[in-house]
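Contents: one structure, followed by commentary.
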Amino acid sequence: MKRYLVTGGAGFVGSNLAFALERERKAAVTVLDDFSSGDWKNLSGFGGTVITARVQDACWHDKAGAADAVFHQAALVDTTVADQRAMMEANVDGFRSVLDYAAKNGVKRVVYASSAAVYGNSKCPMREDQVPTPENVYGFSKAIMDNVAREFAEAHKDMTIVGLRYFNVYGPREYYKGKMASMIFQLYRQMKAGKRPRIFKFGEQTRDFVYVKDLVRGNLNALDAKRSCVCNLATGKPGSFNEVVEALNKAMRLDLAPEYFDNPYSFYQNRTQADLRQAKALLNYRPEWSLADGIADYVKIMEKEAAAAVHV
Ligand SMILES: NC(=O)c1ccc[n+]([C@@H]2O[C@H](COP(=O)([O-])OP(=O)(O)OC[C@H]3O[C@@H](n4cnc5c(N)ncnc54)[C@H](O)[C@@H]3O)[C@@H](O)[C@H]2O)c1
């Protein structure tokens with residue numbers, strides 16, 4: 001039986017991954033989390049063990065023991081946090097701690113979450129070999145993680161370090177992210193409450209939204225990557241906020257017109273779009289969920305949860 005460690009496993013992406021490893025791969029999974037933004041309810045029904053610790057501290061290294069691979073998702077994910085030291089310690093020192101743990105325990109593969117935030121407002125489609133131009137300390141921390149990974153992989157040729165630059169992820173188990181949950185989730189909640197969905201004028205900005213089921217698939221494929229690399233994970237087909245509202249209306253059987261308002265931000269990404277050639281070549285990654293299908297599936301799940309009062 002394979003053993004995997006999932007850091008940030010009480011969070012949105014980490015919990016989806018922990019369940020996929022357990023249920024699809026029949027693996028023994030250990031979650032490491034400090035429960036700062038995750039929630040135990042994301043792990044309801046989980047059959048593995050949990051280590052409660054901050055990833056940047058070394059106290060958990062011995063407790064975690066050996067593993068076939070680590071999926072490192074733990075991070076300070078609030079992009080509005082201005083405390084640069086806290087962001088760099090959690091994300092960059094946290095990642096160094098994971099690499100140190102892996103080297104000491106004979107773990108040969110580390111798959112970690114990078115982010116499209118490294119690209120800032122650069123031209124589309126965004127490619128992994130572009131010089132990173134992050135617009136906030138969160139994006140900067142992820143760009144530095146990619147540099148740390150590259151240097152570490154060069155120094156440890158027997159290990160495979162795979163960085164995955166997630167674009168805008170949405171899907172089940174993001175409820176506890178609150179204001180950091182996806183716009184798809186926020187708009188669903190507004191519409192569910194009978195309100196018109198509020199979006200910036202005039203809803204034409206686009207995002208490369210990716211359904212968490214595709215993202216989990218990309219992570220699992222990284223177990224077979226032949227070499228260390230950094231790859232985008234997205235759909236490659238951006239959708240506008242107007243299209244999101246249209247898909248939500250259809251899935252929820254509503255007809256609520258968007259309420260447009262002025263964008264208050266001086267900095268704002270008008271477009272994001274991933275170039276997926278590298279992910280296809282190195283991870284055999286092929287996204288299966290279009291925006292409309294992903295939203296339809298997600299709405300079905302949220303409606304079921306609402307009926308069963310899962311989050312109250
Ligand atoms: N969701 C997205 O759209 C998106 C996009 C790009 C990148 N990412 C990256 O994906 C990863 C997972 O994000 P998510 O959306 O699931 O967020 P999340 O907040 O739901 O999950 C993060 C988890 O890490 C834990 N954590 C935070 N700091 C920790 C620390 N110092 N030590 C131990 N645990 C800690 C939290 O408690 C939480 O359970 C993160 O690395 C994030 O930067 C996410």
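Mind checking which residues of the range 64-87 are under 16 Å from residue 135 (Cβ atoms) and not hydroxyl-bearing (Ser, Thr, Tyr)? Please lay out each step first, then the result.
Within the range 64-87, the first condition is being under 16 Å from residue 135 (Cβ atoms), and the residues that meet it are 77-82, 84, 87.
Listed by number, the residues that qualify are 77, 78, 81, 82, 84, 87.
Look at residue 94 and say whether it is within 17 Å of the chain's Cα centre (by Cα), in contact (Cβ under 8 Å) with a residue 40 or more places away in the chain and surrounded by fewer than 21 Cβ atoms within 10 Å (Cβ to Cβ).
Against the criterion (within 17 Å of the chain's Cα centre (by Cα), in contact (Cβ under 8 Å) with a residue 40 or more places away in the chain and surrounded by fewer than 21 Cβ atoms within 10 Å (Cβ to Cβ)), residue 94 does not qualify.
Scanning the range 114-139 for residues that are in contact with a helix residue (DSSP H, G or I) (Cβ under 6 Å, 6 or more places away or on another chain) and part of a helix (DSSP H, G or I), which turns out surrounded by the most Cβ atoms within 10 Å (Cβ to Cβ)?
118
Hey, could you check the range 7-41 for residues that are among the β-branched types (Val, Ile, Thr) and within 13 Å of the chain's Cα centre (by Cα) and say which is farthest from residue 72 (Cα to Cα)? Steps first, please.
Here is the first cut: in the range 7-41, the residues among the β-branched types (Val, Ile, Thr) are 7, 13, 29-31.
So of that shortlist, the ones also within 13 Å of the chain's Cα centre (by Cα) come out as 7, 13.
Details: 7: 5, 13: 10 Å.
Among them, the one singled out is 13.
Within the range 101-113, can you find the residues that are surrounded by fewer than 22 Cβ atoms within 10 Å (Cβ to Cβ), out of contact with any strand residue (DSSP E or B) (no Cβ under 7 Å at 6 or more places or on another chain) and not in a loop (DSSP other than H, G, I, E, B)? If you could, list the steps in order and put the result at the bottom.
Step one: of the range 101-113, the residues surrounded by fewer than 22 Cβ atoms within 10 Å (Cβ to Cβ) are 103-106, 108-109.
Next, from what is left, pick out any that are out of contact with any strand residue (DSSP E or B) (no Cβ under 7 Å at 6 or more places or on another chain): 103-106.
103, 104, listed by residue number.
Looking at residue 170, is it under 22 Å from the mean Cα position of the chain (by Cα), within 10 Å of the ligand (Cβ to nearest atom) and over 21 Å from residue 293 (Cα atoms)?
no
With respect to residue 94, determine if the residue is over 22 Å from residue 12 (Cα atoms) and either assigned to a helix (DSSP H, G or I) or among the small types (Gly, Ala, Ser) (or both).
no
Is it the case, given these coordinates, that residue 32 is near the ligand (Cβ under 8 Å from one of its atoms), assigned to a strand (DSSP E or B) and either of a type in the set (Val, Ile, Thr) or surrounded by 23 or more Cβ atoms within 10 Å (Cβ to Cβ) (or both)? Quick ask: steps written out before the conclusion?
Values: near the ligand (Cβ under 8 Å from one of its atoms): yes; assigned to a strand (DSSP E or B): yes; either of a type in the set (Val, Ile, Thr) or surrounded by 23 or more Cβ atoms within 10 Å (Cβ to Cβ) (or both): yes.
Taking the combined requirement at face value, the residue satisfies it.
Taking the range 149-163 on its own, how many of its residues are out of contact with any helix residue (DSSP H, G or I) (no Cβ under 6 Å at 6 or more places or on another chain) and either of a type in the set (Ser, Thr, Tyr) or in a helix (DSSP H, G or I) (or both)?
Here the count works out to 7.
Looking at (1) within 11 Å of the ligand (Cβ to nearest atom); (2) buried (at least 18 other Cβ atoms within 10 Å of the Cβ), which one does residue 70 not meet, given that it meets all the others?
Result: residue 70 passes all but (1).
Among the numbered criteria (1) without any contact (Cβ under 8 Å) to a residue 12 or more places away in the chain; (2) on the phi > 0 side of the Ramachandran plot, which single criterion is violated by residue 44?
Among (1) without any contact (Cβ under 8 Å) to a residue 12 or more places away in the chain; (2) on the phi > 0 side of the Ramachandran plot, the lone unmet condition for residue 44 is (2).
Please work out if residue 234 is touching a residue at least 12 places away in the same chain (Cβ under 8 Å), out of contact with any Pro (no Cβ under 9 Å at 6 or more places or on another chain), buried (at least 18 other Cβ atoms within 10 Å of the Cβ) and not β-branched (Val, Ile, Thr).
No, not satisfied.
Report whether or not residue 81 is of a type outside the set (Phe, Trp, Tyr), at pLDDT below 95 and surrounded by 13 or more Cβ atoms within 10 Å (Cβ to Cβ).
Yes: the conditions hold for residue 81.
Kindly list the number of the only condition in (1) within 14 Å of the ligand (Cβ to nearest atom); (2) touching a Cys at 6+ places or on another chain (Cβ under 9 Å); (3) more than 30 Å from residue 28 (Cβ to Cβ) that fails for residue 120.
Against the list (1) within 14 Å of the ligand (Cβ to nearest atom); (2) touching a Cys at 6+ places or on another chain (Cβ under 9 Å); (3) more than 30 Å from residue 28 (Cβ to Cβ), residue 120 comes up short only on (2).
Can you name the residue in the range 47-64 that is of a type in the set (D, E, K, R) and assigned to a loop (DSSP other than H, G, I, E, B) and is also farthest from the ligand (Cβ to nearest atom) among such residues?
Applying the filter and picking the extreme gives 57.
The values are calculated or read from the model by the stated rules, or taken from the named source; none is laboratory data. The structure displayed is predicted, hence computed values, not measured ones. As a convention, Cβ positions derive from the backbone with ideal geometry for all residues, glycine included, and neighbour counts pool all protein chains shown.
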